[in-house]
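What follows is a single structure, written as structure tokens, with notes after it.
Taken together, the values in this text are just the output of simple stated rules run on the coordinates, not laboratory data. This one's a predicted model, so the numbers in the text were calculated from it and none came from an experiment. We place every Cβ from the backbone using ideal geometry, glycine too, and count neighbours over all the protein chains shown.
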Amino acid sequence: MDLSSAALLFAAGFGGGIAAAIAGGASLVTFPTLLAMGLPPVAANATNAVGLSLSNFMAALADWRRRPSWGRSLSWLFIINVIGGAIGAFLMLETPADLLVLLVPALIGGATLLFAVGPWVQGKLPGKGDNVLQAWRVALPLFLSAIYGGYFGAALGVINLAILSIGGLTDLRSTNVLKNILITGVSASSVWVYVWQGAVVWPAMMVLMAGSVGGGYAGGHLIRILPPRAVRLGIIAFGTAATAIYANKYWL
């Protein structure tokens, strides 16, 4: 990796970190950048997963006091997410390269669409209630979302916020903390699988992680200045452009 590629990847990681801190959707910036650098889809996805793996954990720590009351049911939900993340990572590694190439535009486009409609979905969710999670109601949906998270993971936060809200949580901050804790479980197991299977491109991962950590820190301050709507629109525009580019490259 030459200096210009490293600078581009660091900038993408930095921008993704800012996006994650303010509006989410970091993978919609970083994954297409890794593809543009010439990494095969599996290597790009594995490298992206490891490079961004600290973001949700740090976000959870930042607001740890607002986490829901932890008990046996939430412990089981965390374990379910760990298992689902590992399954998703194994499925990604077992996907034939020719098929994965065809899936890339659909994965980026679908994640961009989910990210775009996220605020609308959240606005339609129940806003009143006792803020008690019915774990049995969300166990299967969270398991399926964890498999998706281990497989690709972009816009996973939007999916999990919707599931947890439908399951009975009504306080946005506590729901967001639990979402970040569960995604940390997905990241931990999927990262372990990708590293164990040797799918990570380490130089690119280290540059990406450095950029994302710096961007996340900067985003914690910029959130007071930058309008989240403008950041969201920028991410949607980037994801839409990446979808068009890779649809033309792999489909047409």
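Quick check: residue separation of D2 and T240 times 0.36 nm, minus the Cα distance between them. What number comes out in nm? Display every interim value, and only then the final one.
Values: separation 238, 0.36 × 238 = 85.68 nm, distance 2.76 nm.
This chain segment gains 82.9 nm when fully extended.
Which of A242, A36, A188 moves the most in a Gaussian network model of the chain with Cα springs under 10 Å?
A36
First measure r as the distance between the Cβ atoms of V117 and S75, then evaluate 1/(1 + (r/R0)^6) with R0 = 35 Å and state the FRET efficiency to the nearest 0.05.
Values: r = 31 Å, r/R0 = 0.90.
The calculated FRET efficiency here is 0.65.
Going by how many other Cβ atoms sit within 10 Å of their own, how do V186, V104 line up, fewest first?
Numbers: V186 32, V104 23.
Placing the least packed residue first, the sequence is V104, V186.
Using a simple spin-label model with points 7 Å from Cα along the Cα→Cβ vector, what separation in nm is obtained for V195 and N248?
3.9 nm
Gain in length, R66 to V132, computed as 0.36 nm per residue apart minus the alpha-carbon separation, to one decimal in nm?
Taking R66 through V132 to full extension adds about 22.4 nm, to one decimal.
Would you mind computing, in nm to one decimal, how far apart the modelled labels at R173 and E94 are, each placed 7 Å from Cα along Cα→Cβ?
4.3 nm
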